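Asks: Okay, handing you the structure first.
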Amino acid sequence: MNYFPTAFKGASWFSVLRIVIRGLSIVKIAILARLLLPSQFGEFGIATILLGLLEIFTETGINVFLLQEKSDPEKYLDTAWVISIVRGLTICLLILLSAPLVSQFFRVTHIIPLIYLISLVPLVRGFINPMIVKFQKNLLYHQEFVYRSSIIFVESAVIIFLAYFTRSVYSFAWGLIISAFVEVIISHLFVNPRPKLNLNVIQAREILIRGKWVTGFGIMEYVYTQSDNVVVGRFLGQSSLGIYQNAYKLSVLPLTEIGEVLNAIYGPNATT
C-alpha cells in the first residue's frame, strides 16, 4: 500500500499547524516583550521548569499507548482517564510541596505564589479526554489543526489581554489555566467516546508497564533541553533566563519545526 499521499497530506496539515502555533508564539513574545520585563519572563520560566520536570518524571505514556494499541484502544479509555486525573493531582501536590525549595534554589522567594498558581495547570489538564489521540491515530489532521490552533489562540489571547491590563507575570499562569479548561471542555464536547470514572487495575498495570520507556526517554530529553535553563536561572538570575529562553526558542525554530513535523507523521503513527 502506498502511504505517500496520506503522509504528504498529514505533513501538510501538521506543517500549517506548526506555522500557526509558532506564528502566534512569535507575535505573543513580541507583544509581551513590550508589556513585561525580562525578569518576569524569567520568573515564569523558573516556574515552568518545575512543572516540566514533574510532568516528565510522572509521565505514564497514555497517549503513546492508545496510539499504538492495535486491538481496541477505546476499551482502555476509562482507565487511561483515571490515571491521567491521578497524575494531574499528584503533580499539583508535588508542585505545592516543592515550591519553597525551588524558589530558594533560584533565589527568588517572591515567586512562590506564582508557582502555587501554576500547580492548577496539571490538575486541570488531567481531565482532558484521552481520546483526542484519535486525531492522529485516524489521520484526522484537519481536525487536529482546528483543535490545537484553537487552544493556542485562546492561551495567547488571554495572556496578552491580561498582560496589557495588569503588567503582571501572573498573566502567563492564567493563560495556561484558562486554555487548559478550554481544552478539557472541547475534548469532552467534540471528541467521542467520552470517558467515565472507572478504573481497571489490570489495564492500568498494562498501560504503566508499557509507558515506562516513554518516561525514561522523557527524562533524558528533559536533561538535554532544560539543564542550560537551570544553570542560567541559578547563576545569572531570572532576567538573564527570560532573555536566554526567548532567544534560544527563536534561534532553533527552523530545526525544531522540521523535527516536530517528521515526528508527528512518522512517529507513533508508524506503528498503527
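Asks: Considering only residues that are open to solvent by less than 30 Å² (accessible area, probe 1.4 Å) and of a type outside the set (G, A, S), which ones fall in segment 41-57?
Replies: First pass over segment 41-57, keeping only residues open to solvent by less than 30 Å² (accessible area, probe 1.4 Å): 41-43, 45-47, 49-52, 54.
Correct list: F41, E43, I46, I49, L50, L51, L54.
Asks: Take the conditions under 19 Å from R194 (Cβ atoms) and open to solvent by less than 40 Å² (accessible area, probe 1.4 Å) and apply them to A99. Does it pass?
Replies: Numbers: under 19 Å from R194 (Cβ atoms): no; open to solvent by less than 40 Å² (accessible area, probe 1.4 Å): yes.
When the stated conditions are applied, A99 does not pass them.
Asks: With respect to I178, determine if the residue is in a helix (DSSP H, G or I) and at pLDDT below 80. Before you say what the answer is, go through the steps one by one.
Replies: Values: in a helix (DSSP H, G or I): yes; at pLDDT below 80: no.
Answer is no for this residue.
Asks: More than 30 Å from N200 (Cβ to Cβ) and under 17 Å from the mean Cα position of the chain (by Cα): which single residue out of I31, I49, I26, I56 fits that description? Reasoning before the result, please.
Replies: On the way: I31 fails: under 17 Å from the mean Cα position of the chain (by Cα); I26 fails: under 17 Å from the mean Cα position of the chain (by Cα); I56 fails: more than 30 Å from N200 (Cβ to Cβ).
Going through I31, I49, I26, I56 in turn, just one is more than 30 Å from N200 (Cβ to Cβ) and under 17 Å from the mean Cα position of the chain (by Cα): I49.
Asks: Now, a different point. Of (1) over 14 Å from the mean Cα position of the chain (by Cα); (2) under 22 Å from T60 (Cβ atoms); (3) not charged (D, E, K, R), V121 satisfies all except one. Which?
Replies: (1)
Asks: Restricting to segment 150-179, name every residue that is crowded, with 18+ Cβ neighbours inside 10 Å, touching a residue at least 60 places away in the same chain (Cβ under 8 Å) and under 17 Å from the mean Cα position of the chain (by Cα).
Replies: Result: I152, S156, I159, F172, A173, I177.
Asks: Limited to segment 182-198, what total is found for residues that are surrounded by 15 or more Cβ atoms within 10 Å (Cβ to Cβ) and either modelled with pLDDT of 90 or more or touching a Phe, Trp or Tyr at 6+ places or on another chain (Cβ under 7 Å) (or both)?
Replies: Step one: list which residues in segment 182-198 are surrounded by 15 or more Cβ atoms within 10 Å (Cβ to Cβ), which gives 182-184, 186-188, 191, 195.
Applying the additional criterion that residues be either modelled with pLDDT of 90 or more or touching a Phe, Trp or Tyr at 6+ places or on another chain (Cβ under 7 Å) (or both) yields 182-184, 186-188, 195.
Number of matching residues: 7.
Asks: So, in segment 114-142, how many residues would count as being open to solvent by 20 Å² or more (accessible area, probe 1.4 Å) and either touching a residue at least 40 places away in the same chain (Cβ under 8 Å) or of a type in the set (D, E) (or both)?
Replies: The number of residues fulfilling the criteria is 10.
Asks: Of the numbered conditions (1) farther than 23 Å from I209 by Cα; (2) touching a residue at least 12 places away in the same chain (Cβ under 8 Å), T109 fails exactly one; give the number of that condition.
Replies: Just one mismatch for T109, condition (2).
Asks: State all residues of segment 104-113 that are open to solvent by 50 Å² or more (accessible area, probe 1.4 Å) and not in a helix (DSSP H, G or I); if no residue qualifies, say none.
Replies: R107
Asks: Do we have any residue at all in segment 155-167 that's assigned to a loop (DSSP other than H, G, I, E, B) and farther than 19 Å from N63 by Cα? Explain how you work it out, then say what you get.
Replies: Step one: list which residues in segment 155-167 are assigned to a loop (DSSP other than H, G, I, E, B), which gives 167.
When the remaining residues are screened for being farther than 19 Å from N63 by Cα, the result is 167.
The answer is yes; a qualifying residue exists.
Asks: Quick check: anything in segment 65-75 of a type in the set (A, V, I, L, M, F, W, C), open to solvent by 30 Å² or more (accessible area, probe 1.4 Å) and not in a loop (DSSP other than H, G, I, E, B)?
Replies: No, there is no match, as no residue in segment 65-75 is of a type in the set (A, V, I, L, M, F, W, C), open to solvent by 30 Å² or more (accessible area, probe 1.4 Å) and not in a loop (DSSP other than H, G, I, E, B).
The values are calculated or read from the model by the stated rules, or taken from the named source; none is laboratory data. Given the structure is predicted, the values throughout are model-derived calculations rather than measurements. So basically every Cβ, Gly included, is an ideal-geometry build from the backbone, and we count neighbours across all protein chains shown. The area values use the complete protein model at the heavy-atom level, side chains included, leaving out ligands, DNA and RNA. Shrake-Rupley method; radii C 1.70, N 1.55, O 1.52, S 1.80 Å.
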